[in-house]
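One structure is given below, encoded as structure tokens.
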Amino acid sequence: MIETQLVFKNEYRLDLRQIQSILFPYVFDSSDTNLIISVQANPTRNYRSAGRIERILIDYPGRVISGSYIVGFSNQEIELPPKGRFKLEFFPNTYLGRTTISIKKILSFEADEN
């Protein structure tokens, strides 16, 4: 059984005005190495992904320390490095319409022994 905790959720209307990026207000650290990102949208164009997410090391403001994650629609798990404190910045595709973004951190994972 996977236990998760919701740490961020918000709804946007990305087709009304162009949004360059969305900076999530939650700070992730070494205890939050596994995250589940969920993007629910009804795009008006035939997008294959919702956009990309970059990690920003907040101890050195503005410095991106690794490559981007391409974020699909529905649920996607990403893994952060075990050291450092991070913020996540989402660069959405334009005209996604009404979009709900949520991030859950994985608290524990128990494998089924059967």
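The values are calculated or read from the model by the stated rules, or taken from the named source; none is laboratory data. Since this is a predicted model, take the numbers as computed values, not measurements. In this analysis, Cβ positions are derived from the backbone assuming ideal geometry, glycine residues included, and neighbour counts consider all displayed protein chains.
Looking at the range 48-66, which of its residues are of a type outside the set (Lys, Arg) and either modelled with pLDDT of 85 or more or within 14 Å of the chain's Cα centre (by Cα) (or both)?
Going through the range 48-66, the residues of a type outside the set (Lys, Arg) turn out to be 49-51, 53-54, 56-62, 64-66.
Residues satisfying the conditions are SER49, ALA50, GLY51, ILE53, GLU54, ILE56.
Would you check if there is a residue in the range 69-77 being touching an Asp or Glu at 6+ places or on another chain (Cβ under 6 Å), modelled with pLDDT of 85 or more and assigned to a loop (DSSP other than H, G, I, E, B)? Walk me through how you get there before you give the answer.
Quick first cut of the range 69-77, residues touching an Asp or Glu at 6+ places or on another chain (Cβ under 6 Å) only: none.
Within the range 69-77, not a single residue is touching an Asp or Glu at 6+ places or on another chain (Cβ under 6 Å), modelled with pLDDT of 85 or more and assigned to a loop (DSSP other than H, G, I, E, B).
Could you say which residue among GLN76, GLN40 is out of contact with any Pro (no Cβ under 7 Å at 6 or more places or on another chain), within 25 Å of SER108 (Cα to Cα) and surrounded by 16 or more Cβ atoms within 10 Å (Cβ to Cβ)? Give the derivation first.
Numbers: GLN40 fails: surrounded by 16 or more Cβ atoms within 10 Å (Cβ to Cβ).
Answer to the selection: GLN76.
(1) within 16 Å of the chain's Cα centre (by Cα); (2) at pLDDT below 90; (3) closer than 30 Å to PRO43 by Cβ: which one isn't true of ARG85, the others all being true?
(3) is the only condition that ARG85 fails.
For the range 28-47, which residues satisfy the criterion of being more than 13 Å from ILE78 (Cβ to Cβ) and at pLDDT 90 or above?
Here is the first cut: in the range 28-47, the ones more than 13 Å from ILE78 (Cβ to Cβ) are 29-31, 40-47.
Hits for the range 28-47 are GLN40, ALA41.
What number of residues in the range 99-114 are modelled with pLDDT under 90 and farther than 21 Å from SER31 by Cα?
Total satisfying the criteria: 3.
Has the range 5-27 got at least one residue that is within 12 Å of the chain's Cα centre (by Cα), surrounded by 12 or more Cβ atoms within 10 Å (Cβ to Cβ) and at positive phi?
No, because not a single residue in the range 5-27 is within 12 Å of the chain's Cα centre (by Cα), surrounded by 12 or more Cβ atoms within 10 Å (Cβ to Cβ) and at positive phi.
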